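Bear in mind that the values in this text are calculations on the coordinates, not laboratory data. All figures in this text were calculated on a predicted structure; none of them were measured in a lab. Cβ atoms come from the backbone with ideal geometry, glycine included; neighbour counts cover every protein chain shown.
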Amino acid sequence: IVRDLLHSVTWLEVREIKLAVETKSLVLNSTRPFRMQKLTCKDAFFTDQSISRLLVLLKEITSLRELEAIDCVLEGTGLWNTEEIARSGQSFVETISIINVMIQSFHLFIDLKGMESQTNKLKRLTIASSKVFMVPCNLARHFSSLLYLDFNDNLLVNNRLDETICKDAWPSLQTLNLSQNSLKSLKQTAKYISRLPKLNNLDISQNNFGEIPDVCEWPKPLKYLNLSSTHIPKVTTCIPPTLEVLDVSANNLKEFGLQLPFLKELYLSKNQLKTLPGATPIPNLVVMSVRRNKLNSFSKEELEGAQVGAVHLSLLECHRALVVSLICILVFLVILILVAVGYKYHAVWYLRMTWAWLRAKRKPKRAPPKDICYDAFVSYSENDSNWVENIMVQELEQACPPFRLCLHKRDFVPGKWIVDNIIDSIEKSHKTLFVLSEHFVQSEWCKYELDFSHFRLFDENNDAVILVLLEPIQSKTIPKRFCKLRKIMNTKTYLEWPIGEEQQQMFWANLKRALKS
């Protein structure tokens, strides 16, 4: 059954089964990945041998996170094969629930020595209504990741609690339920529990304490305390002042006068109260339950409070929905403005281009000679394409020997991102030739090309750049962010396209010489 369902169900529940000692793998020939996360056994029968083998086999189900046993019977005394269990490695299970499990010889059950290595990853453990009377100190110290522990309805007593919650036991525990046990001394119980450094939630209800001392030790982070149905006749300063939630329902209380400055919820149902608690000692109280007490009347002092006119609530408290709506609208408007500004100034483009430049910077400075495919990569404005494609390309590519030029119209790889095309073309070209004109410096597209060339080329080698002025332009018309290009135009020689035919022959000779250098 397990093999067939491993890949299809997340929670498997088996009922009324007598578990045999299984020898074959539970995951043999099963389809992966596994989906089963929880396994529940109800009304099942186990022996020491079958449970030992099961604990080993379940580790093969790597998706399993929770085990649950309800109304089961264990015939044995804990003589499990701990060596085989330890050898099989760590379990992936994080939650174990054992509820109403009958161990026929529970008083002979051993201390499970050797199981310490299997407890490190466990986060939640419930053992309820199963006659647990102690946990060995050494075992308790190995529950290093446990956050939640529930021992409801068991046989814990004070002298055994000293062993169960010994020094350094349960180091990460945050929630502890010891309700409905046989604890008698609240002072001792609090002392032992104070050894839990991270505990903030404690339920010790339905224990017969009877008396409550004036002073108790508690964990410092404690915020929630349930003392309901513990037969305490009064409340004293034993109650920690750090509490935010206190439940003392179903006791014999006749008054409540504690000072608890952080308390937010107070439950006083089923007591003998004749008057309401004073408001001053509990200034932050939000919820108070006083059902089934002996409150016959209320005095003027008990009901006195601030007049409505004297209360000044903030705008958020009065109009929370409106304030939240305004905040959402403002956030939406800010996002809209950012998107609009980013679109206008091509922010996405520049981000992508910067990322491409960073990737390019990790490459070698210049491509190896064997990877050079072109004599020059030509950067020009579309408005100057007639001169570039019909005059310059004809002159250079039909020369003897011919020059190999890279033009974006002809040589860029279709479907490839434009910046990657520019990067590859520049890196595979011996030179980069800019055909400068008024059209070039005003063209957004040419600015993008020049952006990358500015990053990549001018930081490496100015000799790799050839500037051709198709028409006279002032260096100040070049965008200010291209400071190095402006500097080159002011300090280096560039080729200027002449009008006269004789000077044009000299221009071509100089350009060819520059391309060969």
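Calculate the all-directions average of the projected area of the chain's alpha-carbon convex hull, and give it in nm². Display every interim value, and only then the final one.
On the way: hull surface 169.6 nm².
For the chain, averaging the hull's shadow over all directions gives 42.4 nm².
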Residues with amide H under 5 Å from that of C406, placed H, sequence gap 5 or more: A376, F377, V378
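What FRET efficiency, computed as 1/(1 + (r/R0)^6) with R0 = 35 Å and r the Cβ-Cβ distance, is obtained for K254 and K198, rounded to the nearest 0.05?
On the way: r = 35 Å, r/R0 = 1.01.
The pair K254/K198 has a calculated efficiency of 0.50.
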Inter-part distance where the range 250-273 and the range 138-192 are each reduced to a Cα centre, Å: 25 Å
Rounded FRET efficiency, nearest 0.05, which uses the C-beta distance separating D420 from S172 and R0 of 30 Å: 0.05
Karplus-derived HN-Hα couplings along the range 181-188 (A = 6.51, B = -1.76, C = 1.60, θ = phi - 60°), whole Hz, x at Gly and Pro: 10, 10, 6, 10, 10, 5, 4, 5
For R141, distant residues with modelled amide H under 5 Å away: W170
Phi to ³J(HN,Hα) by Karplus 6.51 cos²θ - 1.76 cosθ + 1.60 over the range 139-148, Hz, x for Gly, Pro: 5, 4, 5, 8, 7, 6, 10, 5, 9, 10
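Using only C-alpha positions, report the orientation-averaged shadow area of the convex hull of the range 22-158, nm², one decimal. Could you put the intermediate results ahead of the total?
Numbers: hull surface 33.2 nm².
Result: 8.3 nm².
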Unit charges at the beta carbon, dipole of the chain: most positive-side option, V101, N386, I473: I473
222 nm mean residue ellipticity, helices alone, for the chain (DSSP H n ≥ 4; -39,500 (n - 2.57); rounded to 500): -8000 deg cm²/dmol
Farthest toward positive dipole pole in the chain [+1 Lys/Arg, -1 Asp/Glu at C-beta], among V14, A128, L196: L196
Dipole moment magnitude, nearest 20 debye, the chain about Cα centre, only Lys, Arg, Asp, Glu C-beta charged: 640 debye
Debye, to nearest 20: dipole size of the range 173-276, +1 on Lys, Arg Cβ, -1 on Asp, Glu Cβ: 120 debye
